[in-house]
Each structure stands twice: as C-alpha cells, then as structure tokens.
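What follows is a short report on a single structure.
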Amino acid sequence: MKIKEVIKAKDLNEALLSLDKYRDKSKLIAGGTDIVIDLKHKKVLPEVLIDISDVEELSQIKIEESYVEIGAAVTFTKIEKSKKLDNRLKGLKEASRLVGSPQIRNLGTIGGNICNVSPAADTVPPLLALDSIAVVMSVEGKREVPLQELFLDKGKIDLKENELLHSIKFSKLQKNQALGFSKLGLRKALAISRIATSVCIEIDEDNRCKEIRIGSGALGKYGLREKSTEDFIRDKILDENFIEESARFLKSEIEKRLEGRSSKEFKSEAVMGTFKKAIREAIQLIKA
Amino acid sequence: MKKRGKGVGIIFYGTGYGNGFPDISKAEAELQDDGKVAIYVGATEVGQGAKTVMTQIAAEALGLKVEDIIFINEDTMVTPDSGTAAASRQSYNTGNAIKKAAEALKALIVDKAVDKMKLNTNIGLKVENGNVFVKTFPSRKISFKEIAEDYKENPLKVEEEFIAQTTEMDEETGQGAPYWPYTFSACGVEIEVDTETGIVEVIDGVLAQDVGKALNPKLVEGQMEGGFAMGMGYGIFENLNLKKGKMKNNSFTNYIIPTALDMPDIKNVIVEDPESTAPYGAKGIGEPVMIPVAPAILNAIHDAIGVRITETPVTPDKILKALK
Ligand SMILES: Cc1cc2nc3c(=O)[nH]c(=O)nc-3n(C[C@H](O)[C@H](O)[C@H](O)COP(=O)(O)OP(=O)(O)OC[C@H]3O[C@@H](n4cnc5c(N)ncnc54)[C@H](O)[C@@H]3O)c2cc1C
C-alpha cells in the first residue's frame with residue numbers, strides 16, 4: 001500500500017474530521033521521528049497521513065489554576081526551554097533535554113513519545129510520576145484517562161481509530177513537592193535509555209515523605225509506576241540510610257520483574273543508581 | 001559514587017604491509033599545456049587528507065604552488081596502482097612514489113630547458129614557481145608553459161615506483177624485522193567511573209604521536225582527534241554483539257560510537273624525528289593514533305576502581321559486575 005494523501009491539518013477540527021473520515025486507513029504524524037522510520041521499514045502502511053505538527057491547539061503549554069496542561073504536539077525543545085514550567089518540574093525538563101539530539105528534540109513531540117509506547121520513552125516516567133491524566137479527543141468529544149491506562153502493550157496504545165491524544169494534564173507542584181529524573185544511556189547524546197527513573201515527592205520539614213510516585217522507563221513493556229516501592233517509602237523519613245534501603249527494595253522488585261531476562265543482573269543493580277540520583281535531585285529541588 | 005583514575009598506554013606500530021609482502025606504490029607526473037603538473041596515483045582519499053598531503057609533496061618536489069598541481073586519484077582507468085589506503089602506508093609509500101615521479105619530471109623539464117635555452121649544461125640551474133633559470137643569471141629563464149608548448153601532442157610524462165623495505169619473519173622463531181618504518185605513540189587519560197551505574201566518562205586526554213615529520217600539522221591533529229575518538233569508542237562503547245555469527249548491533253542505533261559530547265578536549269603532542277627513507281621525513285600515523293587510547297582507558301579504570309577489566313568494550317554492565 002502506498003501513501004495516497006498527506007493532510008496538513010490547519011486546526012484541531014480538521015485533524016479530528018480527517019481522522020474520523022479515514023480511521024484505520026490513516027496515521028497521525030507529529031514530529032515524525034518515530035513514524036518515518038516505521039514507514040521506511042514498512043512497519044505501518046497508512047494510506048493517509050494526518051500531520052498535526054502545526055495544530056495550534058495541540059502545541060501549547062497552559063498553566064491553569066490548579067493544573068498544568070501540555071499539548072500533545074509540544075516539542076521536547078519547547079518543554080526544555082519553557083519558562084512556564086518551573087524548576088520543581090526539572091525532572092520533566094531534564095527528560096526532554098536528554099532526548100536524542102537537538103534535531104530530534106526540535107521535531108519530536110511529547111504526544112508522539114507517549115503514543116509510540118516505547119519502553120524507553122523518556123518523558124513517560126516523569127509524566128507517570130506526576131500522576132498525569134491523558135486528554136483524549138475525537139469528533140464525539142473529550143475523555144480523560146490516567147496516562148498509565150493508555151498503555152496496552154509495547155507499541156500499543158488504547159485509542160480508538162478516530163481518537164487522538166489532545167494533551168497531558170497534571171496537578172501543579174506545591175512548595176514541598178518536586179520531580180527528579182535520571183537517565184542511564186550508553187553515551188551522552190543520542191542514547192536510548194537503558195533505564196530511566198523519575199521520582200516525584202512531597203516531604204515535610206522533618207524530611208518525612210508525605211507522598212511519592214516513581215515512574216520507570218525501560219524496565220517493562222512500557223513506562224510503569226513502582227507502586228510497592230512507593231508504599232515502602234511513604235511516611236518514612238528520607239535520610240541517606242533510608243534512601244539506600246529503598247534502593248535495595250526497588251532492586252528486589254526489578255529482579256522479580258526481569259526474572260529470566262539477560263538484562264536482569266545489570267538493570268536491577270543500575271536502577272539503584274538512577275533511583276538514588278532522581279530522589280536526591282527531587283529532595284534538593286525542594287530544599288533549594 | 002564517582003571515582004577518578006588515570007592511565008597511560010604506550011605502543012609502537014609497524015606501518016605498511018610488512019613481513020616481506022611486496023609493498024609497491026606507483027605514481028605518474030605529467031606536464032600540462034598550461035605549465036601545471038598533473039599527478040596520477042591510485043591512492044584513495046578516505047577522509048585522512050591524502051589528497052592534500054600528496055599534493056603538497058608534489059608541489060614541494062617541483063617547486064610549484066599547490067594550486068599548480070592537478071591531483072588525480074581513485075580513477076582506476078587513468079591512475080597506476082598505488083596499493084590500498086590501509087596499513088597507514090599512503091603518505092609514506094605513495095608519498096615516496098610521488099616524490100620520485102615529481103623529481104624525475106623536474107629533471108626531464110630541466111633537460112628540455114637546457115636544450116631550449118641552448119645552455120651547455122644543467123649545472124647551476126634552479127627551478128622555482130614554474131620557471132627554470134640560471135642561478136647566477138635569473139633573467140635567463142624559461143617557464144614550464146613554454147617548455148610544454150613543444151609537447152602538446154605527447155606531454156612529458158614519467159612513472160616511478162616506490163617499494164618499501166620489508167623482510168619476512170622467521171616462521172619458526174617469529175624473529176626478524178618485518179616492518180619499516182615503525183612509529184611510536186603514547187596516550188594518557190583521566191576518567192571517572194560512576195560506581196552506581198557503571199558509566200565511564202573520559203574527562204581528559206593527551207596523545208603524543210611520533211610522525212617523522214608533520215607535513216601538515218593540522219591534518220596530523222585531525223588524525224589524532226579522530227584516532228582518539230575511535231580508540232575511545234573501541235574501549236568503552238563499540239560492540240558488534242555477535243550472536244551465532246550474526247551481527248546484532250547492525251546499525252548506528254545500537255552500535256554506539258562516541259558523539260562530540262562524549263569526547264574530552266584532548267591535548268595533541270606532535271613528536272618530530274624525520275625518517276630518512278620517508279618523503280620529507282613523514283611517516284604514516286593513520287592507525288597508530290588510535291592504538292594506545294583503549295589501553296590507557298582500561299588502565300585508568302583499574303586505577304579508579306581497583307579492578308582489572310580484560311574485555312572491551314567496557315560497558316556499564318561489566319563495570320557493575322566487576323565491582324560486586
Ligand atoms: C535519532 C533518534 C533518537 C531518539 N532518541 C530518543 C530518546 O533519547 N528518548 C526518547 O524517548 N525517544 C527518542 N527517540 C524517539 C522519538 O524521537 C520520540 O519517541 C518522539 O517523542 C516521537 O515524537 P514524534 O512527534 O516525532 O512522533 P511521530 O513519529 O510523529 O509519531 C509517533 C507515533 O505516535 C502517533 N501519534 C503522534 N502524535 C499523536 C497524537 N497526538 N495522538 C495520537 N497518536 C499520535 C503517530 O501516529 C505514531 O504512531 C529518538 C528517535 C530518533 C530517530
């Protein structure tokens with residue numbers, strides 16, 4: 001099958017109408033940094049490409065009263081450079097800054113990162129740690145689902161044929177909350193994450209952990225929350241000893257998950273490093 | 001925790017095919033209508049700067065500017081065999097052949113100049129900037145272009161060859177001197193190991209290379225920087241990941257080479273000690289520049305974490321395993 005048509009959507013309405021019309025015959029293209037490779041390798045064979053990279057409604061970062069909303073077509077560069085996203089969200093900015101190379105960051109979008117459902121999608125762990133809600137849209141209207149629920153399997157997203165990801169929403173971080181991130185790549189640029197860990201914490205004056213959410217990348221079929229480790233840490237005092245203990249707890253969780261895989265030994269060991277970096281960064285951001 | 005270490009690697013390397021294998025380069029030099037000189041060699045430019053350095057050698061030998069050398073290579077239809085761009089041999093071997101051809105053409109041009117200027121002898125003639133003249137009587141001169149006019153149909157052309165001196169090793173004892181010439185280099189690095197993730201970062205480096213004579217110091221530095229990057233990739237990144245004879249890492253997505261961000265600012269030290277058999281003293285350095293880098297890095301890792309790693313590339317998983 002050949003691509004017969006490329007629709008450059010001028011606005012959200014045109015994108016939604018086109019998607020509704022062509023459904024499974026079509027594919028959305030935002031930055032194209034994943035799908036162009038899939039097209040080349042004939043992994044996807046759409047007749048129609050719907051280009052949403054210039055749709056204004058999808059390209060905005062909005063700061064509302066209680067939450068932040070990032071449009072699906074917002075690029076990594078835009079997130080990395082955004083002044084609207086304050087330093088407590090450093091984990092998300094870092095994740096964006098560490099994607100690929102400047103060329104990839106200028107084109108690649110957060111929506112594409114999510115919808116491609118790669119285990120190593122770098123912005124997914126911080127978005128999970130932020131307990132993000134995905135705003136999904138079609139001609140019929142909007143629906144909101146927790147981001148985690150969109151992931152069905154590696155490369156499989158829970159969207160209907162006529163739906164697109166509109167944006168990602170998460171609560172604004174308060175003074176005693178912050179988001180850290182650490183990526184383990186095999187070199188300093190153009191490196192697919194071997195492990196990515198993002199930690200969002202809330203602590204009180206005594207360093208007691210009031211709330212914690214941990215997002216993991218490249219440790220499962222898609223980005224995951226580390227809920228049992230979160231439970232282990234919640235309500236405890238976050239001193240260095242306890243951080244070490246938590247890292248060992250996470251290690252044993254990952255060992256269980258990766259049982260039988262050749263990467264088990266390395267990843268379960270190295271995740272302690274990424275976890276400690278991410279949580280220490282979050283604590284530092286709160287103290288700063 | 002981050003642990004730092006320093007390490008050194010020192011090597012010597014025999015350039016050329018060696019071990020008695022015939023190592024032959026041919027080159028042709030031809031006087032053009034306009035007085036420029038064309039050089040024909042079958043040497044391949046692979047980014048190392050062969051075209052530049054070989055043009056310089058011809059220009060130097062002929063007393064011409066580099067702009068007056070027309071350098072023709074790689075086209076096997078019109079060029080003689082100059083051997084492979086391998087074994088760090090092109091500057092030395094083909095460089096020598098070019099020098100010989102350029103000198104032979106120059107001698108021929110001088111002979112023709114003697115005839116045309118009706119001189120008694122070629123003694124005391126000088127060749128400079130495309131002119132042949134009597135040293136003590138510079139206005140008595142003739143240009144290459146004027147000489148070329150007589151050979152429009154059948155241009156003045158010479159072919160020369162250079163054969164490196166190499167001898168076979170004794171098969172029984174492994175003794176002998178299989179290469180000529182040898183070059184020497186040394187590398188020092190400082191690295192940092194992240195003991196939590198196993199990542200090795202090369203933070204500083206110095207590379208010293210014996211070059212015989214640097215015909216083009218900038219190009220030598222280019223080779224040194226590139227060699228450092230390749231040696232570093234070999235030491236800590238590059239992995240074909242062979243599984244049952246199949247290359248698993250068969251694209252640059254997973255066959256990791258260093259990026260600009262991974263490269264430290266390195267200090268290059270060019271060591272000059274002209275080689276008597278080499279064109280203007282220059283030895284080949286294409287390969288030697290990369291060889292001491294990985295040993296230096298592995299030694300530095302040992303210095304940093306106290307564990308000796310004996311398999312490259314030293315990827316994070318190997319470091320973490322070694323630390324256990
Ligand atoms: C050299 C290179 C390096 C890379 N490095 C990294 C890296 O370090 N970290 C990392 O995480 N990724 C990396 N990537 C992968 C890629 O850049 C990211 O996944 C990027 O976020 C994809 O976004 P995009 O806009 O280019 O997506 P596209 O390729 O346009 O789309 C990807 C998929 O998502 C679908 N899609 C896009 N937008 C929507 C939407 N709004 N609603 C529904 N479906 C949608 C498309 O139909 C397609 O199936 C790299 C890629 C390359 C080529």
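Computed over chain A, the Cα gyration tensor eigenvalues convert (square root of 5λ each) into semi-axes of 33, 21, 16 Å, ordered from largest to smallest. Measuring only protein heavy atoms, the 1.4 Å probe finds A:Glu245 accessible over about 90 Å².
Would you mind calculating the relative contact order of chain A from Cα pairs under 8 angstrom and at least 6 residues apart, reporting the percent as a whole number?
Working: 648 pairs, mean separation 48.4, N = 288.
Averaging sequence separation for qualifying contacts and normalising by length gives 17 percent for chain A.
Contact-buried residues of the range B:236-270, at a threshold of 40 Å² lost accessible area versus the chain by itself: B:Ile256, B:Thr259, B:Leu261, B:Asp262 (1.4 Å probe; DNA, RNA and ligands ignored).
Here the translational diffusion coefficient of the range B:80-170 follows from Stokes-Einstein with Rh set to the Kirkwood radius across Cα pairs; for 10 °C and 1.306 mPa s it amounts to 103 µm²/s. Kirkwood Rh over alpha-carbon pairs of chain B, then Stokes-Einstein at 20 °C and 1.002 mPa s: what D in µm² s⁻¹, rounded to an integer? Taking Rh from Cα pairs, D becomes 96 µm²/s.
Diagonalising the gyration tensor over the Cα atoms of the range B:236-286 and scaling each eigenvalue by 5 before taking the square root yields semi-axes of 37, 18, 8 Å, largest first.
Each Cα pair of the range B:24-163 feeds into the Kirkwood radius, which the Stokes-Einstein equation turns, at 10 °C and 1.306 mPa s, into a diffusion coefficient of 105 µm²/s. Across the range B:24-163, Cα pairs under 8 Å and at least six residues apart give a relative contact order of 37 percent. Annotation: A:Thr75 carries an accessible surface of approximately 30 Å², with a 1.4 Å probe and no ligand, DNA or RNA atoms counted. Size descriptors for the protein assembly as shown (Cα atoms only): Rg and Dmax, in that order, 32.7, 106 Å. The alpha carbons of the range A:156-222 give a radius of gyration and a Dmax of 16.1, 50 Å, in that order. Interface size, chains B and A: roughly 1600 Å² of accessible area buried, both sides included, 1.4 Å probe, rounded to the nearest 100.
Mean projection of the alpha-carbon convex hull of the range B:138-256 over all orientations, in nm²?
Result: a mean projected hull area of 18.1 nm².
Size of the range A:3-130 from its Cα atoms: along the principal axes, largest to smallest, the extents are 45, 31, 23 Å.
The values are calculated or read from the model by the stated rules, or taken from the named source; none is laboratory data. Quick caveat: nothing in here was measured; it's all calculated off a predicted structure. Accessible surface areas use protein heavy atoms only, side chains included; no ligands, DNA or RNA. Shrake-Rupley method; radii C 1.70, N 1.55, O 1.52, S 1.80 Å.
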